[in-house]
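Please read the structure below before turning to the comments.
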């Protein structure tokens, strides 16, 4: 894992320009600036290998302080490129989290180039809030998330505000912020 890795560079740019730049996650700026985000490029080509990598990341977070690694992004450049397969794997990931006793300790947020919320059309702007250059499993520390939410005036407004932000983007802005969607 180095900054010269093109996969990591693309994900970092997405974090800076989209997640932080559009303020889709009001809690992302601080760990990004402090370099407390761990970027891991998965080598998985099967769900079994990915489950092992996911467990390794949970265990690494166990051994590492939040001051050193606040959150981890497990990036999947070659596996689960189909959103339905990815979505199916999320169920397995949640079961792993529970089975290993990490429920209430960690949380998994999901991002995918073809992310689609239930009851939306593929081209609905709100899907952009969870679209990333690659499938990503974002591992969050529950304690940090709770602390951030306590200090945020109206956390329930975040999803709605995010939808308004991405709906307000022009086609040109979408092409600049999400070039991987227009290949």
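Listing for the model above:
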| read-out | value |
| --- | --- |
| Within the range 6-181, percent of DSSP bridges classed antiparallel, to nearest 5 | 65 |
| Mean Cα-pair separation over length for the chain, i.e. relative contact order, pairs under 8 Å, 6 or more apart, % | 23 |
| Computed [θ] at 222 nm, deg cm²/dmol, the chain (DSSP H ≥ 4; -39,500 (n - 2.57); rounded to nearest 500) | -12000 deg cm²/dmol |
| Set of the range 60-84 residues, backbone N closer than 15 Å to the point 7 Å along the Cα-Cβ line of residue 30 | 66-71 |
| Two-site label geometry, residue 82 and residue 66: point separation in nm, points 7 Å out along Cα→Cβ | 3.9 |
| Gap separating the Cα centres of the range 87-144 and the range 156-181, nearest whole Å | 18 |
| Percent of Cα-Cα distances greater than 26 Å, calculated over the range 6-181 | 28 |
| GNM top mover of 43, 172, 94 - the chain, alpha-carbon springs below 10 Å | 172 |
| Coarse-grained scattering of the range 7-68 at q = 0.17, 0.19, 0.27, 0.30 Å⁻¹, given as base-10 log I(q)/I(0) from a Debye sum over alpha-carbon atoms | -0.73, -0.87, -1.09, -1.13 |
| Length-normalised contact order for the range 41-136 - Cα pairs under 8 Å, 6+ apart - percent | 30 |
| Segment residue 124-residue 165, length gained on full extension (0.36 nm per residue, minus Cα span) | 13.5 nm |
| Relative counts (whole %) of C-alpha pair distances in the range 35-78, using bins that are 5 Å wide | 6, 23, 30, 22, 12, 7, 1 |
| Residues 62, 124 arranged by fewest to most Cβ contacts within 10 Å | 62, 124 |
| Net lengthening on full extension, residue 175/residue 143 (0.36 nm per residue, minus Cα-Cα) | 8.0 nm |
| Cβ-derived FRET efficiency at R0 30 Å, residue 52 paired with residue 91, nearest 0.05 | 0.95 |
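Coordinate-derived values only; no laboratory data. Just so it is clear, the model here is predicted, and its values are computed rather than measured. Methodologically, a virtual Cβ is constructed for each residue, glycine included, from the backbone with ideal geometry; neighbour enumeration extends over all protein chains shown.
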